[in-house]
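Visitor: Before anything else, here's the structure in question.
The values are calculated or read from the model by the stated rules, or taken from the named source; none is laboratory data. None of these values were measured; they are calculated from a predicted model. Cβ coordinates were reconstructed from backbone atoms using ideal geometry, including for glycine residues, and neighbour counts include every protein chain displayed.
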4 protein chains.
Amino acid sequence: MAQVSLDELNKADKTAFVTALADIFEHAPWVAEAVFTRRPFPTLALLYEAMTRAVRDAGSERQNALIKGHPDLAGKAARAGSLTIDSKAEQASVGLDRLTDDEFESFHRLNDSYRSKFAIPFIVCVRRHTKDSILRQFDVRLKNDAAAEHKIALAEIFRIAAFRLDQRVAAPDHLKVNGRLSTHVLDTHGGRPAEGVAVELFEIANSSTSALVARALTNANGRTEKPLICDRPIPIGCYELHFAIGDYFSRVKAPQSDPPFLGVVPIRFSVAEPEGHYHVPLLATPWSYASYRGS
Amino acid sequence: MAQVSLDELNKADKTAFVTALADIFEHAPWVAEAVFTRRPFPTLALLYEAMTRAVRDAGSERQNALIKGHPDLAGKAARAGSLTIDSKAEQASVGLDRLTDDEFESFHRLNDSYRSKFAIPFIVCVRRHTKDSILRQFDVRLKNDAAAEHKIALAEIFRIAAFRLDQRVAAPDHLKVNGRLSTHVLDTHGGRPAEGVAVELFEIANSSTSALVARALTNANGRTEKPLICDRPIPIGCYELHFAIGDYFSRVKAPQSDPPFLGVVPIRFSVAEPEGHYHVPLLATPWSYASYRGS
Amino acid sequence: MAQVSLDELNKADKTAFVTALADIFEHAPWVAEAVFTRRPFPTLALLYEAMTRAVRDAGSERQNALIKGHPDLAGKAARAGSLTIDSKAEQASVGLDRLTDDEFESFHRLNDSYRSKFAIPFIVCVRRHTKDSILRQFDVRLKNDAAAEHKIALAEIFRIAAFRLDQRVAAPDHLKVNGRLSTHVLDTHGGRPAEGVAVELFEIANSSTSALVARALTNANGRTEKPLICDRPIPIGCYELHFAIGDYFSRVKAPQSDPPFLGVVPIRFSVAEPEGHYHVPLLATPWSYASYRGS
Amino acid sequence: MAQVSLDELNKADKTAFVTALADIFEHAPWVAEAVFTRRPFPTLALLYEAMTRAVRDAGSERQNALIKGHPDLAGKAARAGSLTIDSKAEQASVGLDRLTDDEFESFHRLNDSYRSKFAIPFIVCVRRHTKDSILRQFDVRLKNDAAAEHKIALAEIFRIAAFRLDQRVAAPDHLKVNGRLSTHVLDTHGGRPAEGVAVELFEIANSSTSALVARALTNANGRTEKPLICDRPIPIGCYELHFAIGDYFSRVKAPQSDPPFLGVVPIRFSVAEPEGHYHVPLLATPWSYASYRGS
């Protein structure tokens, strides 16, 4: 769906306004309707605040309807192709549309357990997750009681809405829905930034398979031209940065053993805040290195 | 074959002496014979020195015969079971007796290339190598000329002999044939050794498969009870140490994110000197770590 | 006073036993008397335990007499030369016998404040302290109430007694009265221990003057031949280690700027546990370094 | 003297042009005259290039006159008040106008030795130096031959000219005459920037006295609001950064010993390139720290 500007929304008639924002909350155009009279919204943050307030104030019956309007994760609707456009894109982002039959079975079983315990679908803002962290969420949340899950479901719906709203509406401000993952490499053997180091970022799944997420070369400042991840959340999960530091030190002719003591340096870390800034640098000599969560 | 003491060797008659040392050089009891009159040998190092001297002084014809007396690596003799006991054990140590058919073909081809270029078998002290580093040796050495390979073949034979001699003969001294790989873990968040950290050592093959080599828990000093590798050479190759530092920091109740920023820390490094001391420690907080080749 | 062995003490008659241990507690031979019948003591720790138990069980009147039997720190008795031999040596160890007139005045005033508030002399095990930390002790302890100070005075007397006992009696075991301060230097530029690095240890006083405590050269393992401090407590206080790392890197011909970025590296740290093991290593390249409390 | 814009210079008549630039080279308005016809200069770099070219092309006689037109460092002219305005400010910047009698004597003797060997005054761009590094320059340069010193004198005059030109003329570009010294502090115990850390920068003289150069507090990003040194060269010399990290860790309630193991962390380093960027960060826990020349 095309972007619309906040300015246009502030000037639109009610039908246009509601149509534009009908899908921010799944199958719930009434949320857009509820905030129409509150215009103008000088910032996207205030529009978002108004819409979530409307849901909070709507009473538990309407909230329940909203919750129940969500599809199962990786459910039959997905296979049958009957998802909303947004849901479809969201589920695809984390690979829920490409499950093996075993994985499909597994999600199916978890969805059923969840539904039979809480009588609502399992809702999670998938853009903030990897397949592994969603499975971990099932484990954790199946132990909650119904009241807690009602709250969590709403919170996840608000996260989904923030993400959709930030994409749909061009505004002077942005909602805090994206994270940033960056690195830099310092050659503490030569006392200078390490230029031309090949850097790869992998997502590591529990099942030990890993998927390449980004690849870059460091520039003269030891940094990559742009962050390895930006303009999107960093899915909760485990990652490995690989730095081809042995090749770098060969190129600058630093004395090394054969084979070099350090060839590719892997830095494995987990992301807990998808909207956070993760700066994970490498300080290296041919015989030592350090890394840390920087700023 | 049972161990014999240096003292016994110094007192033995010629037949017993030569029998005991007949296999130090492959199919070449004449080396033992040549040094019999040089007794007594106060140290193993002097016996070894005398035997290698005898080979060096023997002239190129005898040296060639010695070289040609060695079997192919992972060759038909191995499959046919006609290796000497020592060769069999040595080739098994690096897995050359358990090759897949593809690997067997590959070794077969390399052996043939080597033999057709140099007219001698490819000789390498396999106890100092991994399968990967042997394949890399083929690549490097196939580019040499015959004179260089004659020299290298003798040098490798001397390494094999040192290894066999050190195992066969109990003496006050040891030949320098073994390496040591050790680690320790320091908790720089709490300012103390990290106790109870699970440590695993893997050998990493080019083909990306990894084999568990050792597993240990750190003690109250942050060290493992004994080195991860000792009393044998550390095969030339690539390794990964895995430190379960996230579990450790959970246990000592250091504040961490969920999931922890650092769960398992992998330290990947290569060994170039199988007889060297490699101390590879980890200094860690929940948010940073450093490692280095220490002493 | 000459050392006596635990064995001799276990066999001695009462007079000899009491004479030998009369001064362990200041002007209080009754403590030795009290434990005479408890012999034999298989270890020094058990003898120490018995003597401190005797004081604990002696009732507050005797305890008060014991406390009051101690001289003022840096007091008139010191200037007049009327201290016990042990007290004299102890006060000299921290320089209390060489105070300037200003310092003497200052101690005098603090002693008087303390005495007028608590009616007992200020007691501290001076071997565990620097002049600065004793002054800080006055500050802290002057804020306590009398009951707390009674307890602390006894605890300090027990520390003094442990120290005296460990020096007086040769035994299979040692009381935990000594600390150890050690270092090592690793050249992470070259991947090896740094040999021949000049190391100096200074005690840093609040008044900004610093006194050289020890000086050493690192050996081939990057360590000093013996710890910088051992066989005595490490006085509570502030220290600086100076490593002449610029000279070292010049010698091994590592590229450096002129003047070198790192010449002398100072590591400043404080000691809080005089009986602790402080290992403070340096990992350095010409452009970076790290230090930590190690083990 | 007031600034003039490059634009004004490009439009000025010859008298105004030469007057404005008469003092860029000491007592040598002919340099400005020589480049007048080469106008317009689109950048300051091109004006500077033209002026230094004019000196290079002027022949050794004029060069010698230029060199000899410079006053002695810390010489009688300084005491007598007969320096040019620029020379006076330059010499004052490094304290040459506030020498003790001993220092004055020492400079006097070195000046005389230099003059009697080379028959020219000792010329150095003092803004790039500390008193210590100037004295070291005397030592080094007194060993040169006359030809080398002629070259060095010109090079230093060019540096002085660059500095004066960059200050005198407002232009779209800047000459590379200034350096930058910055820091940041990372709390690797908590995994975040360290906010509110007091940082002090001292210049350390050989004579062991130290002068406070800058003082700052780190902000929420662990950085100081502006670099500790910028908009001027960083004088060649030795510096110490002091980080009050113990106070910081007390404030964030990280467990520490009493006194804290790390109170004030000193980082001592030397600057060799006054126009360089020196970034000297601190990564610290209560028990460990690291620093390096960063970027």
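Visitor: Just one of C:H184, C:H174 is touching a His at 6+ places or on another chain (Cβ under 9 Å) and either over 27 Å from C:P281 (Cβ atoms) or not hydrophobic (A, V, I, L, M, F, W, C) (or both); which is it? Quick ask: steps written out before the conclusion?
Guide: Details: C:H174 fails: touching a His at 6+ places or on another chain (Cβ under 9 Å).
Going through C:H184, C:H174 in turn, just one is touching a His at 6+ places or on another chain (Cβ under 9 Å) and either over 27 Å from C:P281 (Cβ atoms) or not hydrophobic (A, V, I, L, M, F, W, C) (or both): C:H184.
Visitor: Quick one: C:A45 ticks every box in (1) in contact (Cβ under 8 Å) with a residue 12 or more places away in the chain; (2) of a type outside the set (V, I, T); (3) part of a loop (DSSP other than H, G, I, E, B) bar one, so which box is it?
Guide: Among (1) in contact (Cβ under 8 Å) with a residue 12 or more places away in the chain; (2) of a type outside the set (V, I, T); (3) part of a loop (DSSP other than H, G, I, E, B), C:A45 violates only (3).
Visitor: Return the pair list, or none, for Cβ contacts closer than 7 Å from residues in region C:9-36 that are part of a helix (DSSP H, G or I) to residues that are among the charged types (D, E, K, R), at least 6 apart or on different chains.
Guide: Pairs found: C:N10/C:R39; C:V18/C:E33; C:F36/C:K14.
Visitor: Among residues belonging to region C:267-295 that are within 23 Å of the chain's Cα centre (by Cα) and under 28 Å from D:S133 (Cα atoms), point out the one that is surrounded by the most Cβ atoms within 10 Å (Cβ to Cβ).
Guide: Keep residues of region C:267-295 that are within 23 Å of the chain's Cα centre (by Cα), which gives C:267-281, C:292-295.
Then drop every residue that is not under 28 Å from D:S133 (Cα atoms), which leaves C:267-268.
Values: C:I267: 23, C:R268: 19.
The extreme case among them is C:I267.
Visitor: Moving to a separate point now. Scan region C:96-117 residue by residue and report those that are assigned to a helix (DSSP H, G or I) and touching a helix residue (DSSP H, G or I) at 6+ places or on another chain (Cβ under 9 Å). First the steps, then the outcome.
Guide: Here is the first cut: in region C:96-117, the residues assigned to a helix (DSSP H, G or I) are C:101-117.
Within region C:96-117, C:E103, C:F104, C:S106, C:F107, C:H108, C:L110, C:N111, C:S113, C:Y114, C:K117 meet the criteria.
Visitor: Give region A:103-115 a look and list any residue that's farther than 16 Å from A:K68 by Cβ and buried (at least 20 other Cβ atoms within 10 Å of the Cβ), or say none.
Guide: A:F107, A:L110
Visitor: Is it the case that some residue within region D:2-22 is out of contact with any His (no Cβ under 8 Å at 6 or more places or on another chain), closer than 23 Å to D:T84 by Cα, among the β-branched types (V, I, T) and surrounded by 19 or more Cβ atoms within 10 Å (Cβ to Cβ)?
Guide: Within region D:2-22, not a single residue is out of contact with any His (no Cβ under 8 Å at 6 or more places or on another chain), closer than 23 Å to D:T84 by Cα, among the β-branched types (V, I, T) and surrounded by 19 or more Cβ atoms within 10 Å (Cβ to Cβ).
Visitor: Give me the residue from region C:241-286 that is away from chain D (no Cβ under 12 Å) and of a type in the set (D, E) and, out of that set, farthest from C:G190 (Cα to Cα).
Guide: C:E275
Visitor: Quick check, is D:Y239 in contact with a strand residue (DSSP E or B) (Cβ under 9 Å, 6 or more places away or on another chain), farther than 18 Å from C:G263 by Cβ and crowded, with 20+ Cβ neighbours inside 10 Å?
Guide: Numbers: in contact with a strand residue (DSSP E or B) (Cβ under 9 Å, 6 or more places away or on another chain): yes; farther than 18 Å from C:G263 by Cβ: no; crowded, with 20+ Cβ neighbours inside 10 Å: yes.
No.
Visitor: Sticking with this structure for a sec: Given the structure, is B:T188 closer than 29 Å to B:E240 by Cα, of a type in the set (S, T, Y) and in contact with a Phe, Trp or Tyr (Cβ under 6 Å, 6 or more places away or on another chain)?
Guide: On the way: closer than 29 Å to B:E240 by Cα: yes; of a type in the set (S, T, Y): yes; in contact with a Phe, Trp or Tyr (Cβ under 6 Å, 6 or more places away or on another chain): yes.
Criteria met by B:T188.
Visitor: Which residues, taken from region C:116-145, are surrounded by 15 or more Cβ atoms within 10 Å (Cβ to Cβ) and basic (K, R)? Before the answer, list the steps.
Guide: Keep residues of region C:116-145 that are surrounded by 15 or more Cβ atoms within 10 Å (Cβ to Cβ), which gives C:117-118, C:120-138, C:141.
The answer is C:K117, C:R127, C:R128, C:K131, C:R136, C:R141.
Visitor: Considering only residues that are under 19 Å from D:E33 (Cβ atoms) and in a loop (DSSP other than H, G, I, E, B), look in region D:50-95 and name the one that is modelled with the lowest pLDDT. If you could, list the steps in order and put the result at the bottom.
Guide: We begin by selecting, within region D:50-95, every residue under 19 Å from D:E33 (Cβ atoms); these are D:50-59, D:61-67, D:69, D:84, D:86.
Then keep just the ones that are in a loop (DSSP other than H, G, I, E, B); that gives D:57-59, D:69, D:84.
On the way: D:D57: 96, D:A58: 95, D:G59: 92, D:G69: 93, D:T84: 83.
Filtering region D:50-95 for residues that are under 19 Å from D:E33 (Cβ atoms) and in a loop (DSSP other than H, G, I, E, B), the one modelled with the lowest pLDDT comes out as D:T84.
Visitor: Quick one: what pairs do we get from region A:157-169, first residue without any contact (Cβ under 8 Å) to a residue 40 or more places away in the chain, second crowded, with 19+ Cβ neighbours inside 10 Å and assigned to a helix (DSSP H, G or I), C-beta under 9 Å, 6+ apart or different chains?
Guide: Partner pairs satisfying both residue conditions: A:R159/A:R127; A:R159/A:R128.
Visitor: If you don't mind, another one. I'd like the full set of residues that are touching a residue at least 12 places away in the same chain (Cβ under 8 Å) and of a type in the set (S, T, N, Q), limited to region B:208-255.
Guide: B:S210, B:T218, B:N219, B:N221, B:T224
Visitor: A further question on this structure: Among the residues of region A:241-288, which ones are of a type in the set (V, I, T) and assigned to a strand (DSSP E or B)? Break it down into steps so the answer makes sense when it comes.
Guide: The first filter runs over region A:241-288 and keeps only residues of a type in the set (V, I, T), leaving A:245, A:252, A:264-265, A:267, A:271, A:280, A:285.
Matches in region A:241-288: A:V264, A:V265, A:I267, A:V271, A:T285.
Visitor: While we're on this one: Go through region A:182-198 and report how many residues are among the aliphatic types (A, V, I, L, M) and surrounded by fewer than 22 Cβ atoms within 10 Å (Cβ to Cβ).
Guide: Quick first cut of region A:182-198, residues among the aliphatic types (A, V, I, L, M) only: A:185-186, A:194, A:197-198.
Add one more test, that the residue is surrounded by fewer than 22 Cβ atoms within 10 Å (Cβ to Cβ), and what stays is A:198.
Residues flagged as among the aliphatic types (A, V, I, L, M) and surrounded by fewer than 22 Cβ atoms within 10 Å (Cβ to Cβ) within region A:182-198 amount to 1.
Visitor: Only one residue in C:A148, C:A89 is more than 30 Å from C:S210 (Cβ to Cβ) and of a type outside the set (F, W, Y), so which one is that? Steps first, please.
Guide: Details: C:A89 fails: more than 30 Å from C:S210 (Cβ to Cβ).
None of the other options fit; the residue is C:A148.
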